1. Give the residue from 37, 516, 424 lying farthest towards the positive end of the charge dipole for the chain; charges sit on Cβ (+1 for Lys and Arg, -1 for Asp and Glu) and the dipole is referred to the Cα centre.
2. Which whole-number value in Å³ per residue fits the convex hull of the alpha carbons of the chain?
3. Stick to Cα atoms and the Kirkwood definition of Rh, then tell me Rg/Rh for the range 417-481.
4. For a quick protection proxy, order the peptides 95-102, 437-444, 145-152 by their average other-Cβ count within 10 Å, most packed first.
5. Let me check I've understood the local charge: for residue 176, count other residues with C-beta under 13 angstrom from its C-beta, Lys and Arg +1, Asp and Glu -1. What total comes out?
6. If you average the C-alpha positions of the range 80-94 and of the range 293-311 separately, how far apart do those two centres end up, in angstrom?
7. Angle between the Cα long axis of helix 154-171 and the longest principal axis of the chain, 0 to 90 degrees, nearest 10?
8. How far is helix 251-266 tilted off the main Cα axis of the chain, in degrees rounded to 10, range 0 to 90?
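Rule-based calculations on the coordinates, nothing more; no lab input. Please read all numbers here as calculations on a predicted model, not as lab measurements. As a convention, Cβ positions derive from the backbone with ideal geometry for all residues, glycine included, and neighbour counts pool all protein chains shown.
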Amino acid sequence: MYEFNDLFLLLKSQQALVNIQTNEEERARDLVSRCSIKLGKEVLQWSVTRGVVVSATGQPRLSMRVGTESGPAPMEADPREALLEISRSKTPGIYMLLDFHPFLDEPFIIRLIKEIAQDHSVNGHHLVFISHDLKIPAEISSLTAQFSLSLPDRVALQKLVLQEAQIWRLKSGNKRLQADREAIELLAENLIGLTVADSQRLIRNAIYDDDAISKSDLERVQQAKYKLLGQNGVLNFEYETATFGQVGGLQNLKAWLNIRKSVFLGGHESRPSKPAVKGVTPPTELDNPKGIMLVGVQGSGKSLAAKAVAGVWGVPLLRLDFGTLYNKYFGETEKNMREAISLAEVMSPCVLWLDELEKGVSSGDQDNGTSQRLLATLLTWMAENKKPVFIVATANNIEALPPELIRKGRLDEIFFVDLPDAVVREQIFHIHLAKRNIDSDGMGVDELAQLSEGFSGAEIEQVVVSALYRAHAEQGPVSKLDMITEIQRTQPLSVVMSESIDRLRLWAKDRTVMANASPDQRD
């Protein structure tokens, strides 16, 4: 209803040129036609295949000429001739120009459009461009209004789900559809950001797949939604997210995230769950969590922790690939960043994983200022973003990051992920042995944890993998001896790069929160 009023007022205020960039052509045409009725003007549409026709009847309005042997072809299929006919017409009308974008690089056409717009007070004509991608030339940009079709909100999407459920019920002979209110609400929530047509198609897929609407449909809907939104390689959708059961240690980080989970998923409507204390006024509104930065030693579990946040919170995980973000053409890198941010907002609530952030926004003298412009784009969005997009930034070299990015307020907290201690190493051994269906009994995991001092989680995993290869080559079961042999053969990063790690620990000591709990903090 609001978009109808907005477009009607736009046309009523004598706006001669309107650009509607959308993939929902049918919906846009219907909206313009409804406005024309209220304005009392005839509405016509042009396409390169049919020329100018009356929208309501689909019959040719303007003159025809004889075409090829296949039949007559409308003269006005030529965009020049169509615009000339429009400019000569004395009857005010609204002309919908469908997919006109290929012709907007011709000087004659641009000039003709400009003259039609400038003569609006005389001819009363409106030109409405409807296309999936149309860039208005500079010569007529000041005369053109941009109009966007609104996307259905949560309430409208719930109505769509119920409508499609009713249609299914009628087609199936009043068969009962297996669905509950929670599943319907979750399905509608996951469709936010899609057009009406795309939402209807995904709803039908969910219903007709198993004659039900259930939580099992949500993952497929999310994957289809991501593909529909124009995956361009800058953002990667992580289909499998880890749970905290697959992450050893990180007790402080886990506790921090658990405290904020309900607020993030509930948005600004979240309220304290504990009863009010006499004389103490509870907060009525909580700020949505912005995100965290994970700094630490390579292989210590930062990437797995990022996946775990999304897995435990039950939201999509999008990983920003800085390698594909950069483009050699001026301005394209920043455009890629803006498109990635827009996609993350549409996919919200979600986790946006900025992996190895220092490689994307660190200052450099050889990129003609691209990294600085990229950083400015990111910082502006972080300051203004109101959508539930939780950032998890990971970095190995904190010194390469600009200070304006890591100061308090940009993100909620900076966690330092250190090498695991003996207790956590034992947990990691159990996790990777269980993952490969190896019974840890008799493996002496506590002894393996002691022998692997200074090992990262990634290095412990490789010990298990290498031991399996050794056992396979010897055609026997993996043994404790195989594990010890691989530990002794491994030179951990903590030894190879001890100076760098010590320097990183010194920097993090008073600037970050330890992600792993110290021994005296554990129960």
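1. My answer, from the dipole projection, is 37.
2. Spelled out: Cα convex hull of the chain, divided by residues, is 269 Å³.
3. Rg/Rh: 0.96.
4. Sorting 95-102, 437-444, 145-152 by mean packing, highest first, produces 95-102, 145-152, 437-444.
5. For residues surrounding residue 176, the net value is 0.
6. If you average the Cα positions of each part, the centres end up 62 Å apart.
7. It is inclined by approximately 80 degrees.
8. The helix 251-266 is inclined about 20 degrees to the chain.
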